[in-house]
Amino acid sequence: MVSALVESLRRSELSLSDAQLGSLMTSFILVYMLASPAFGALADRGASRVRILAVGVALWCAATVLSGFARSYGELFLARAAVGVGEAAYGTVAPALLADLYPEERRGRVYSIFFSAIPVGSALGYVLGGLVERALGWRAAFWIAGGPGLLLAAATLLLSDPPRGSREGAAAAPLRGLGWGRLLRNRAYVLAVAGYAAYTAAMGALAFWMPAFLERVRGLPRAQATVVFGTVVVATGFAGTFSGGFVADRLRRRTERANLVVCGLSALAAAPLAVAVFVAPPGPALAALVAALLLLFASTGPVNSAIVAAVAPGERATAMGLSILAIHVLGDVPSPWLVGLASDAWGLGTAVLGTPVAVLIAGAIWTFGARSGARPPGPGRGP
């Protein structure tokens, strides 16, 4: 939603600079990444995961609504930061909950279906944000985005919370201690998260700045820029995310490292296409954007499946929380802000060229992880 409103916020009574606009994403991510390990630890120590989900969604939506009431940069910064608390509760607990509902051989497709909600929701943010802003103003865009979600917060209370490790044949005891030392000694986990961090840096910068790039550099009208990019994201995000997990599950019949194989190859193939997005003429650039996003979104389900498979059942939420901290502190915490700083200095058309480099690094790390023999622990065992 914020990305769709970048140009409106820049020209509004708030008069935000590109660096300040980039920091709005950074404020959210900072809180999200710092709160995630706490929620992960809470979930792995026996707290009701369903209640954590409900509280997270409620906080998420309330903070979004409050963003529409901001009267200064500081108020908007704090409201966007508060959104991170809600996402931290949801992002750490939901994947661990799904792992206890489905066996490992089906998790690739399960996570692909689940995580396809991210590009679909993001695309709705671009499209609806642009349309509502044009009709009712940028404040109404936040109100309309956040309000209905409060009903979904209540609906999550109807979910069941199965025992931890139920799909591995034995219930896991509540985790004692943070468990970060075990995770950091787990090679399969570390390589999956390291590649995810580079990937997140690229996707965070691309998602935040692409509508502004289309308007400033390509010359598209503001509403058209958000709608075009939103349409591309929803189509490629759903198709790429949905298909990536199915491919990984099928490939898993040949190799247990199928998740990282899919992640690595798709990112390496996407890197040159990402360059073409920014330097090719408009027609080929749009085709390159579609192809690059299809390949990039294909990693979403497999990489999260790889992270969950790399750890013992009783520490999955903790592993997700630590991975969220790592991928954001090394990824999209600095990347939107750095692109904003580079844009202020050299122009947005030059600043965005760092994103293909991050995609290439992600593909290299994941491919190394798949080829180096990093093995997840067996069912029910610790790393």
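The values are calculated or read from the model by the stated rules, or taken from the named source; none is laboratory data. The structure displayed is predicted, hence computed values, not measured ones. Neighbour counts run over all protein chains shown; Cβ positions are idealised from the backbone, glycine included. Protein only, heavy atoms only, side chains kept; ligands, DNA and RNA dropped before computing areas. Shrake-Rupley method; radii C 1.70, N 1.55, O 1.52, S 1.80 Å.
Observations
- Here the stretch 140-159 is the region considered, the condition is being among the aliphatic types (A, V, I, L, M) and closer than 19 Å to residue 66 by Cα, and the residue that is surrounded by the fewest Cβ atoms within 10 Å (Cβ to Cβ) is 151.
- Of all residues making up the stretch 258-301, the number that are out of contact with any Lys or Arg (no Cβ under 7 Å at 6 or more places or on another chain), over 20 Å from residue 115 (Cβ atoms) and not aliphatic (A, V, I, L, M): 5
- Evaluation of residue 372 against (1) under 17 Å from residue 191 (Cα atoms); (2) touching an Asp or Glu at 6+ places or on another chain (Cβ under 9 Å); (3) of a type outside the set (A, V, I, L, M) (one fails), failing number: (2)
- For residue 104, the conditions (1) over 19 Å from the mean Cα position of the chain (by Cα); (2) free of Cβ contacts under 8 Å to residues at least 60 places away in the same chain all hold with the exception of (2).
- Subset of the stretch 49-77 (residues that are in a loop (DSSP other than H, G, I, E, B) and open to solvent by less than 10 Å² (accessible area, probe 1.4 Å)): 68, 70
- Listed conditions (1) assigned to a helix (DSSP H, G or I); (2) over 14 Å from residue 111 (Cα atoms); (3) touching a helix residue (DSSP H, G or I) at 6+ places or on another chain (Cβ under 6 Å) are all met by residue 231, apart from (3).
- Unmet requirement for residue 262, which otherwise passes all of (1) over 23 Å from residue 229 (Cα atoms); (2) in contact with a Gly (Cβ under 8 Å, 6 or more places away or on another chain); (3) touching a residue at least 60 places away in the same chain (Cβ under 8 Å); (4) crowded, with 24+ Cβ neighbours inside 10 Å: (3)
- Boolean, residue 137 is touching a helix residue (DSSP H, G or I) at 6+ places or on another chain (Cβ under 9 Å) and buried (at least 16 other Cβ atoms within 10 Å of the Cβ): no
- Filter pass, residue 248 being at pLDDT below 85 and either in contact with a Ser or Thr (Cβ under 9 Å, 6 or more places away or on another chain) or surrounded by 24 or more Cβ atoms within 10 Å (Cβ to Cβ) (or both): no
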